[in-house]
1. Take every Cα pair under 8 Å in region 54-110 that's 6+ residues apart, average their separations, divide by the length, and report that relative contact order as a whole percent.
2. List the lysines whose Cα lies under 23 Å from the Cα of Lys117, skipping any in the same chain that are fewer than 8 positions away.
3. Classify the chain as rounded, prolate or oblate from the Cα gyration tensor: take a ≥ b ≥ c as the square roots of its eigenvalues, call it rounded if a/c is under 1.5, otherwise prolate when a/b beats b/c and oblate if not.
4. Just the ratio, please: alpha-carbon radius of gyration of region 64-141 over 2.2 N^0.38 Å, N its number of residues.
5. At a Cα cut-off below 26 Å, give the lysines reachable from Lys66, other chains included and same-chain residues fewer than 8 away excluded.
6. When the helix-only estimate is applied to the chain (DSSP H runs of n ≥ 4, each -39,500 (n - 2.57), divided by the residue count), what is the mean residue ellipticity at 222 nm, nearest 500 deg cm²/dmol?
7. Once fully extended, how much extra length lies between Leu36 and Ala150, figured as 0.36 nm per residue of separation less the alpha-carbon to alpha-carbon distance?
8. Once you keep just the Cα pairs under 8 angstrom separated by 6 or more residues, what percentage relative contact order results for the chain?
Amino acid sequence: MSAAVAVHTTSDVPTAGEESYFTVFAGGEAFGLSVLHTQTIFRITSVTPIPLGPIDIVGLVNLRGKIVTAVSLRRRLGIPVDEVHNSLAIGIEHKGENFALIVDEVGDVLTLDASMKVQIPAHFDPARSRFMAGLYKVGNLLVPALNIEALFDFAN
């Protein structure tokens, strides 16, 4: 049996002021999700609905024998929803609770520097802006970094 070992060179490790983000997609839009919050990426094969639960919570899923709450990034951001069955999900632990964040696709890892951060324009939808930790200029694109605190706060 062989084990894979990750070797980090100095170019792989973010320096001060830099943070690594997975690029995740929902409805054709790209978002950044901090790798520090990510535990695993997996496919959802079945979902158990939660009666009378918040609309953003799809239901409960089994992740390696652990029951976790499945949250749709599309629903959370007000993007029209596709079928959830066989969707990609990202395992995230937040405040002692486990979640499966359902996304359309997971892309490359981006290293975002504080110098790339731009102010969120005032005309951005406030309902969406509350889910952003920041907005980063990457080439010709603007990539919103997701705010995990707001994303999993269902009180508001």
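1. Working: 80 pairs, mean separation 17.2, N = 57.
That works out to 30 percent.
2. Excluding near neighbours in sequence, the set is Lys137.
3. Values: a/c = 1.94, a/b = 1.15, b/c = 1.68.
Oblate is the answer for the chain, as a/c is 1.5 or above yet b/c matches or exceeds a/b.
4. On the way: Rg = 15.0 Å, N = 78, 2.2 N^0.38 = 11.5 Å.
For region 64-141, the normalised Cα radius of gyration comes out at 1.31.
5. Lys95
6. On the way: 3 runs with 13 residues, N = 156.
Helix contribution divided over all residues of the chain: -1500 deg cm²/dmol.
7. Numbers: separation 114, 0.36 × 114 = 41.04 nm, distance 1.60 nm.
Going from the current span to full extension adds 39.4 nm.
8. On the way: 275 pairs, mean separation 38.6, N = 156.
Relative contact order of the chain: 25 percent.
The values are calculated or read from the model by the stated rules, or taken from the named source; none is laboratory data. Since the structure is predicted, the reported quantities are computational estimates derived from the model, not experimental observations. Glycine also receives a Cβ, built like all others from the backbone with ideal geometry; neighbour counts cover every protein chain displayed. Surface accessibility is based on the protein's heavy atoms, side chains included, excluding ligands, DNA and RNA. Shrake-Rupley method; radii C 1.70, N 1.55, O 1.52, S 1.80 Å.
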